[in-house]
1. Rounded to the nearest 500, what is the chain's calculated 222 nm mean residue ellipticity when only DSSP H runs of at least 4 contribute -39500 (n - 2.57) each, over all residues?
2. Please give the helix 152-168 orientation as an angle from the longest Cα principal axis of the chain, in degrees from 0 to 90, rounded to the nearest 10.
3. Consider all pairwise Cα distances in region 122-162 and report the whole-number % of them above 16 Å.
4. Neighbour counts of other C-beta atoms within 10 Å: give me TRP133, TRP69, TRP53 arranged from fewest to most.
5. Can you give me the Rg/Rh ratio for the chain, using Cα atoms for both radii and the Kirkwood formula for Rh?
6. With θ set to phi - 60° and the Karplus curve 6.51 cos²θ - 1.76 cosθ + 1.60, what are the ³J(HN,Hα) couplings of region 107-119 in order, to the nearest whole Hz, using x for Gly and Pro?
7. I want to check the label-to-label distance for ARG212 and ARG31. Put each point 7 Å from Cα in the C-beta direction and report it in nm to one decimal.
8. How many angstrom lie between the C-alpha centres of region 139-153 and region 61-94?
Amino acid sequence: MMKRRQFQHLGLSCLAGFASLGARAQDGGHRELARPAPVETAPPRIEVVDFFWYGCPHCNAFAPLLDPWIERLPADVAVRKVPVSFQPSFGVHQHLYFTLEAMGQVKAMHRRVFRAIHNDRQRLNNDASILDWARSQPGLDGERFAQLYGSFGIANKAMRATRVQESYGVTGVPALGVAGRYYTDASLAGDMARALSVVERLIDGARRAQRR
């Protein structure tokens, strides 16, 4: 896991996305992008982006709150997970996520990756350790995982994810984007529970805008 002082050296912190208690919400709890960010969800569905990093303890803590919220969303809302890359070493986690996605294993394995890193203290911080972990997982085809992990398609998805991150101006994780137009996190909303409420309001606004 990347240490907090290293994030601070870059001017970034996962703490920015999961602010401590007492953080003050800014007006509206979100910011509107100066330029629209790319979306993959075709209208009339509304895209919500979950920005995360597997090494972030605050993303790990947010996941149990986020998952049931996603399950309750109406059919016209689609959630897209985007693993961030604040520096080149984060790329291995981007490849890890997109390989699981390509295999249809995100639902089964996403939280398992968080547990491996934050509960079991496994150092999944390079290609070799990630491939070893994948081969050890029941229900996951480790050899297929290894084939996809280093593929051009996965590398391309990682590059596109970084472009989306930059388009939204993500400065920390966890964070949420809405409809390619709005961004919120705990530093804007006050905490991530409030950020979800902000997202619900932004979804309603995007839905009304489509009806005009």
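Just so it is clear, none of the values below were taken in a lab; they were calculated from the coordinates. No experiment lies behind these values; they were computed from the predicted model shown. Methodologically, a virtual Cβ is constructed for each residue, glycine included, from the backbone with ideal geometry; neighbour enumeration extends over all protein chains shown.
1. Per the formula, -15500 deg cm²/dmol.
2. Taking the Cα atoms of the chain, the angle to 152-168 is about 30 degrees.
3. 42 percent
4. Exposure proxy ranking, most exposed first: TRP69, TRP133, TRP53.
5. Reported Rg/Rh, Kirkwood definition of Rh: 0.96.
6. Once rounded to whole Hz, the list reads 4, 7, 10, 4, 5, 5, 5, 4, 5, 4, 7, 9, 9.
7. Result for the modelled spin labels: 2.3 nm.
8. Using only Cα atoms to place each centre, the spacing works out to 21 Å.
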